Every structure is written in C-alpha cells, then in structure tokens.
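What follows is a set of notes on a single structure, which appears directly below.
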Amino acid sequence: MARDKRPGRLCQQYCFRCQFPPLSWLVAALHPPVGRTVLLAKLDETIVTDQTAVANETGSQRFELGTNQYPGAVHPTGYSYLKSFQRDLFPEFYFSAGGVELKKTIAAINGENTTVVVYEVLEASQPFTLELLPLHSARDFHSLSHANDSIGRHYIVEDGIFRTLNYHGGPELFIAVPEASFREHQTWYYNFEYAVEQYRGLDFQEDLFTHGTLYVTLKKGDRIGIIISAENPGGKDGLKLFANEKKRREKLIKPFNWSDDVKRLVLAADQFIVKRGERSTIIAGYHWFADWGRDTMISLPGLCLATGRFKEARQILQQFADSVSDGMLPNRFPDYGESPEYNTIDATLWFFHAVYKYFNYTADKSFLKQVLPVLRTIIEWHYKGTRYNIKVDPSDELLYGGQEGVQLTWMDAKVGDWVVTPRRGKAVEINALWYNALRVMEFFETEAGQPKSSDDYRSRADKVRTSFNQVFWNEVSGCLYDFVDGDYRNEDLRPNQIYALSLPFGLVSDAHAKKILRQVRLELLTPKGLRSLAADHRDYKPSYGGGVWMRDGCYHQGTVWSFLIGAYIDAMIRVEGEKSLPEASKIINRFLTHLNEAGVGTVSEIFDADPPHIPRGCIAQAWGVGETLRVIIEYDLIPKPAGNDKNLTAAS
C-alpha cells in the first residue's frame, strides 16, 4: 500500500479542511519518534456565567464552545462563538459568549509528550465557570476507538491533577488544571464523525469516553495554563512551560524576521526535526508518516541547512549512514520497532546530494572523513549489484533497478500486488541522481587528497553523461523519456526529468535543457507544484479521493506534489539565469497563499491535479516545507531589507 493510507490527527495544527478544531490534543510518541498514541482527543469547553447553573448543569447561561459532527447533526455549535483564529507562534482561538471574551492558545512542548493549553480571560463582567470535558480515545493513531468494557474507569484527582490509565499496559494520562474541582459522570459519547476520513474511504466514526468534568472559576484578567501529558507534571507550572516554549520558538525565527511567511515556514520546519534515540531525525509528514530515507534527504537542506541547524543535520546524516545495508539507505524506519525497510533506489542517491549540500554549507571536513568510506562502499555495491536487481549496466554505466511487484522510486504507490507506476528499468531521475553521486564523489575525493580516485569517478561520470543523452533524449517530444527498459522507451510526460536540470551537476546541453523546461512549464506547472503526469495522458486523474484503491491509483497520475516546486525553481534559474528570479519570486509568493489553506502555517503533501488544486494527503509534509524554504533562502526569493544580516547562526 502506498504511504498515503492512514487516518491521522495532529495536536499541533489547525486544519480548516476538517472544518473543526484539532481532533487530538495529545498524541504521544511512546517510542520516539514512533509509537504514536492518541491519549486525549479533546477538551470540550463550556462557559457558565450563571453560577447557580453549575450545580445542576442546566440553565440558559451555558455556552458550549465545542463543535462535533455526529450523524446528521453538528452539536454543540461552538463555532458560532469562535470570533477569530490566528496562527503565529501558536494556534490562537478567540471566543466571545455571554459577555466573556476568552483566548485559547495551544502549545505542543518540544521534546515532551506534553501539550499546554493557555486560557486568558480578556473580558468578563463577572466571575464565571469554565467547564472542561475530557474526551479520551487512548488508541494507536492509525485506528479509531469504539465503546468497550475494557477501558479503565479508575482515576485519581489530587492537587489539581486528574490521572487515569485507560487501558492496561498503555500510557497514563495526566491533566493538570490549577485550582480545579472534578465531578464524576463516566460515560461514552458515540459516533463522532470525521469528514476527511469518510472522504478517504476509511473508518470515520469514533466513540470517546469521559470520566467526568473539570471545573475552574475565572474572572477578567485571569490566565491559566493547563498541562495535558503522558508524564506526571508534578509541580510543573503550565504557564512557565508555555513561556519557555515561546522563547524557544522566538529564538528559532529571530534570524528570519524580514518575512512573516519565512518565519512561519521556519516554525513549520521545526516540527519535523525530532529525536530517534540520542540523534535527530526527520518526520516525513503529519499525521501518519515516520522517518523515511528519501523524504529526509530531500528535505534536510531546507529544514536544517538553510535554517542554520547544522548540528541536527550532521546527526541526521550520521543516523542514516549507520543504517546503510548492502549499499542502501533505509526507505523507512517502521512504526513498531521492526527492522528498517530497504525498498528504495533513490533514497541512497539522495544521501550523496544531502551530504554534498551539508559540506557546502559547513565545510565540515571531519564529517567528510567519517562518511567518505560509507559513500565509497555504496558506490561499490551499486556496481556489483544489491537488492531488487539494483546495479550498474556495464554496457552504458547507467543504473538499473526493479523486479516484479516492487516499487523503488518515489512514485511508489502499491495496493496489494498492484504496483501503480512500476517504472522498472533505468528511470530518468535515478540516473540523474546517479550521475550527481559520481560527480560528488569526484569532488569529495579531491577534498580528501585522493586525485587518482577523483579521476576515476570523473571518468565514470563522463560515461554516464554520454549514455544518458543517447538513451533518454526523445527528439520527437523535445524532452526526456521517463524510464527505459531494454528496447522500451516510456514517453509519459512526468516531472522526474526536471532533476536532469535542477541537480548541482547538469546532464544535458543548454538547448535540450530549454526544451525540457518549456515542456514541464507548459504541461506540469501549477500554482501548487508540479503535476505528476500530463493532463492529456489516458491515465490522468484530475482529483485525489475515494477509497485506498482509488487514491493510490491517482497518487502519481496527475496529482500535484508540493515538494517539486523546489526542483522546478532550481531548474528555471540554472537554465534561464538571473533574469528568471522575478518569475521565481512570483511562483513562490503565489504558492505561499497555501499557508492559510489546510494545515495553517505549513505545506500540504499533495493537491488535486485540476484547479482549484484542493490540498490533500498530509496537511504537513517535510519535503514540501523544506524545498519551499530552501529556494526562498538560497535565491533570496523574498528579499531581505537592506542591511539585514544574511549570516545564520545555528538555531539548535
């Protein structure tokens, strides 16, 4: 099954596509960065301005701020009290009800399985009660919960901390509300509906459990910090946790204060950089991806290098270097502790590119000395052959890969035994990456004082360049074949050929490069990225939706991919020179309107192929954010004011 397959909820984003506030307030990574478990679905808030109504939970002075969709109904209709929303350092919600003006801010605390919710009373003519109804799911984030008799009904309320264990062997849940009281009324709430899950053909109805309601009395000027955590907050203060997290984020964006959009992207980038053990790694996308080799290497230059986070970049590269097996980088680290999967041909080649970019940013010769033996070993394995028939064809020095039933390139959709876009043979972007890997080795061997080895890699790369142009150039179409397998030449117009222009070491002549760029611009470019297939192709799918078979069947058959905007801009600037910079700036500024569309302040994974290009898939994708941020900073596509210091200090 392709990667875009799972239901997901995220406590750090606010998704207008879902129409309602976040579906999970605490998703704990029990075995960071995986083992993600939804502990608290939400807190439904109610403002009670008539204090006599608190005792009997009745009366006309109750204003329910929650919004839930049930079969045939939306209840309560708290969205009518939501006056505004903004996403700056954190998501902020402004409610007005019964003479009370209430601001709610949600903060996921870095490095902890903890969410802090801050309530600020901006206006209130008299004291009021805020009721908080915790709705529990306590489930793996790939599933939904349904009413059962196994859920734990025992709890403790002590020193303002509510504590429960919903299921034996699972994590505890702690909710700390300063000076709160608690009233028990254990019950299930049935049939919450999730519209996007229904659209995706998945289980979309969920039952949530509560032990009771928390009550706290507030007045104008009050400000409280509620801690929701998988660890006992003990004597921690929610407002202090929030203040520390605010300072951390302010430090991250300080070097980028010339643009609100760039600051938002830097904050979005931060959410993907997490820990696996003692080292950093990159989450490919929220809600449901873990750390993938391909996504990590493509997104690392934008997430880490362009933002000055060189320490994390080195840790990430080392993490993957240590996991190389038979000359291959892992495709992904699974969710449940299984062995890494190695079913990818391009993640390994993107590793060379990421190391090269890291060295260009840092001139870190100690790391080069450490990683160079790994890179040499990878090249050797590709010459003698490794998994899935990945090997260099000695007749032309091009890289071949693939076998029946296996998807190895980034176009990796598979359902059951159906590989939607197999692309077995010599794929165009794979050989562009292979050529660049050889050129990178030529450069690194020179840096390492190994001129003989450098000459050897130069000779190999020259052979690849000659063969590439002979094998892949399609004179009739004026562009490159997508893949070649023996005598078969695939003429599908896809974006993969853009890498022959965009990577640091170009493969084609200037004349051919201009023709390729023209074809991609005319047939594939959209305001949200590049289409994965030209619209006149018989297999083109204008929209992305339906059940698993339908979605995977169109995942790479026209669907627009945000991350390809980076390669397109690289190609445009390298082919057309500095005169194309104004057009590149227009493309980026048009694209940045998307930051207010789906996951607010971040970049979606994919979009419908046809206008209006509705966002789909993950609402926050690492390589979409990374590539957008990278080209903005590397090409100054959002100009800095005169005198702004371009030199970044490491933000880590």
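The values are calculated or read from the model by the stated rules, or taken from the named source; none is laboratory data. Note that the coordinates shown come from a computational prediction; the quantities given were computed from them, not determined experimentally. In this analysis, Cβ positions are derived from the backbone assuming ideal geometry, glycine residues included, and neighbour counts consider all displayed protein chains. Note: accessible area is taken over every heavy atom of the protein model, side chains too, but ligands, DNA and RNA are not part of it. Shrake-Rupley method; radii C 1.70, N 1.55, O 1.52, S 1.80 Å.
When you go through Phe174, Phe85 one by one, which is the residue that is assigned to a strand (DSSP E or B), surrounded by fewer than 16 Cβ atoms within 10 Å (Cβ to Cβ) and in contact (Cβ under 8 Å) with a residue 40 or more places away in the chain?
Among Phe174, Phe85, only Phe85 is assigned to a strand (DSSP E or B), surrounded by fewer than 16 Cβ atoms within 10 Å (Cβ to Cβ) and in contact (Cβ under 8 Å) with a residue 40 or more places away in the chain.
In the stretch 293-300, is there at least one residue being within 25 Å of Lys254 (Cβ to Cβ), of a type outside the set (A, V, I, L, M) and open to solvent by less than 10 Å² (accessible area, probe 1.4 Å)?
yes
Taking the condition in contact with a Ser or Thr (Cβ under 7 Å, 6 or more places away or on another chain) and crowded, with 21+ Cβ neighbours inside 10 Å, does Arg423 pass?
yes
Within the stretch 301-338, track down each residue that is at positive phi and surrounded by fewer than 20 Cβ atoms within 10 Å (Cβ to Cβ).
Of everything in the stretch 301-338, those that are at positive phi and surrounded by fewer than 20 Cβ atoms within 10 Å (Cβ to Cβ) turn out to be Asp326, Gly337.
Got at least one residue in the stretch 358-374 being assigned to a loop (DSSP other than H, G, I, E, B) and in contact with a strand residue (DSSP E or B) (Cβ under 8 Å, 6 or more places away or on another chain)?
No, because not a single residue in the stretch 358-374 is assigned to a loop (DSSP other than H, G, I, E, B) and in contact with a strand residue (DSSP E or B) (Cβ under 8 Å, 6 or more places away or on another chain).
When residues of the stretch 458-481 are filtered for being touching a residue at least 24 places away in the same chain (Cβ under 8 Å), assigned to a helix (DSSP H, G or I) and open to solvent by less than 70 Å² (accessible area, probe 1.4 Å), how many remain?
Result for the stretch 458-481: 8.
Would you call Glu627 buried (at least 21 other Cβ atoms within 10 Å of the Cβ) and either under 19 Å from Phe256 (Cα atoms) or free of Cβ contacts under 8 Å to residues at least 12 places away in the same chain (or both)?
yes
Among residues belonging to the stretch 378-437 that are in a loop (DSSP other than H, G, I, E, B) and closer than 22 Å to Ile516 by Cα, point out the one that is farthest from the chain's Cα centre (by Cα).
Applying the filter and picking the extreme gives Leu398.
Among the numbered criteria (1) at pLDDT below 95; (2) outside any strand (DSSP E or B); (3) hydrophobic (A, V, I, L, M, F, W, C), which single criterion is violated by Val27?
Evaluating Val27 over (1) at pLDDT below 95; (2) outside any strand (DSSP E or B); (3) hydrophobic (A, V, I, L, M, F, W, C) leaves (2) as the failure.
So, in the stretch 256-280, how many residues would count as being surrounded by fewer than 23 Cβ atoms within 10 Å (Cβ to Cβ) and closer than 24 Å to Val355 by Cα?
Number satisfying all stated conditions: 9.
Is it the case that some residue within the stretch 527-550 is free of Cβ contacts under 8 Å to residues at least 40 places away in the same chain, within 30 Å of Thr602 (Cβ to Cβ) and surrounded by 15 or more Cβ atoms within 10 Å (Cβ to Cβ)?
Within the stretch 527-550, one or more residues are free of Cβ contacts under 8 Å to residues at least 40 places away in the same chain, within 30 Å of Thr602 (Cβ to Cβ) and surrounded by 15 or more Cβ atoms within 10 Å (Cβ to Cβ).
Quick check on Ser96: is it open to solvent by 10 Å² or more (accessible area, probe 1.4 Å) and assigned to a loop (DSSP other than H, G, I, E, B)?
In short, no.
Which pairs have Cβ atoms under 7 Å, sit 6 or more apart or on different chains, and link a residue in the stretch 376-405 that is more than 14 Å from Gly486 (Cα to Cα) to one that is modelled with pLDDT under 95 and open to solvent by 70 Å² or more (accessible area, probe 1.4 Å)?
The qualifying pairs are Tyr388/Gln403; Asn389/Gln403; Gly405/Asp417.
Determine which member of the set Thr348, Thr344 is in contact (Cβ under 8 Å) with a residue 60 or more places away in the chain, under 22 Å from Arg276 (Cα atoms) and either buried (at least 19 other Cβ atoms within 10 Å of the Cβ) or of a type in the set (Gly, Ala, Ser) (or both).
Thr344
What's the total number of residues in the stretch 151-167 that are assigned to a loop (DSSP other than H, G, I, E, B) and within 16 Å of Ser137 (Cβ to Cβ)?
Within the stretch 151-167, residues that are assigned to a loop (DSSP other than H, G, I, E, B) and within 16 Å of Ser137 (Cβ to Cβ) number 5.
Given the residues Ala147, Ala138, which is the only one that is surrounded by fewer than 16 Cβ atoms within 10 Å (Cβ to Cβ) and farther than 20 Å from Thr105 by Cα?
Answer to the check: Ala147.
Criterion first (open to solvent by 40 Å² or more (accessible area, probe 1.4 Å), assigned to a helix (DSSP H, G or I) and touching a Ser or Thr at 6+ places or on another chain (Cβ under 8 Å)) does Arg590 satisfy it?
For Arg590, the condition - open to solvent by 40 Å² or more (accessible area, probe 1.4 Å), assigned to a helix (DSSP H, G or I) and touching a Ser or Thr at 6+ places or on another chain (Cβ under 8 Å) - is not met.
Of the residues Glu101, Glu120, which single one is part of a strand (DSSP E or B), among the charged types (D, E, K, R) and open to solvent by 50 Å² or more (accessible area, probe 1.4 Å)?
The match here is Glu101.
Could you list, in sequence order, the residues of the stretch 174-205 that are within 22 Å of Thr115 (Cα to Cα) and of a type outside the set (Phe, Trp, Tyr)?
Residues satisfying the conditions are Ile175, Ala176, Val177, Pro178, Glu179, Ala180, Ser181.
Test Gly577 against the criterion of being at positive phi and either outside any loop (DSSP other than H, G, I, E, B) or over 23 Å from the mean Cα position of the chain (by Cα) (or both), and give yes or no.
Yes; evaluated as a whole, the condition is true for this residue.
Quick check on Lys514: is it modelled with pLDDT of 95 or more, part of a helix (DSSP H, G or I) and either over 24 Å from Val440 (Cα atoms) or of a type in the set (Gly, Ala, Ser) (or both)?
When the stated conditions are applied, Lys514 passes them.
Give just the number: which of (1) out of contact with any Pro (no Cβ under 8 Å at 6 or more places or on another chain); (2) crowded, with 24+ Cβ neighbours inside 10 Å; (3) at pLDDT 95 or above does Ile606 not satisfy?
(1)
Restricting attention to the stretch 609-621, which residues are of a type in the set (Val, Ile, Thr) and at pLDDT 95 or above?
Result: Ile614, single match.
Within the stretch 227-247, how many residues are open to solvent by less than 60 Å² (accessible area, probe 1.4 Å) and out of contact with any helix residue (DSSP H, G or I) (no Cβ under 8 Å at 6 or more places or on another chain)?
11
Go through the stretch 123-147 and give me each residue that's within 21 Å of Leu26 (Cα to Cα) and assigned to a loop (DSSP other than H, G, I, E, B).
Those that are within 21 Å of Leu26 (Cα to Cα) and assigned to a loop (DSSP other than H, G, I, E, B): Phe141, His142, Ser143, Leu144, Ser145, His146, Ala147.
In the stretch 343-357, which residues are part of a helix (DSSP H, G or I) and farther than 20 Å from Ser459 by Cβ?
Asp346, Ala347, Thr348, Trp350, Phe351, His353, Ala354, Val355, Lys357
Go through the stretch 482-493 and report how many residues are open to solvent by less than 10 Å² (accessible area, probe 1.4 Å) and part of a loop (DSSP other than H, G, I, E, B).
Total satisfying the criteria: 1.
When Ala535 is evaluated against the numbered criteria (1) within 28 Å of Arg616 (Cβ to Cβ); (2) at pLDDT below 95; (3) small (Gly, Ala, Ser), which criterion, by number, is the only one it fails?
(2)
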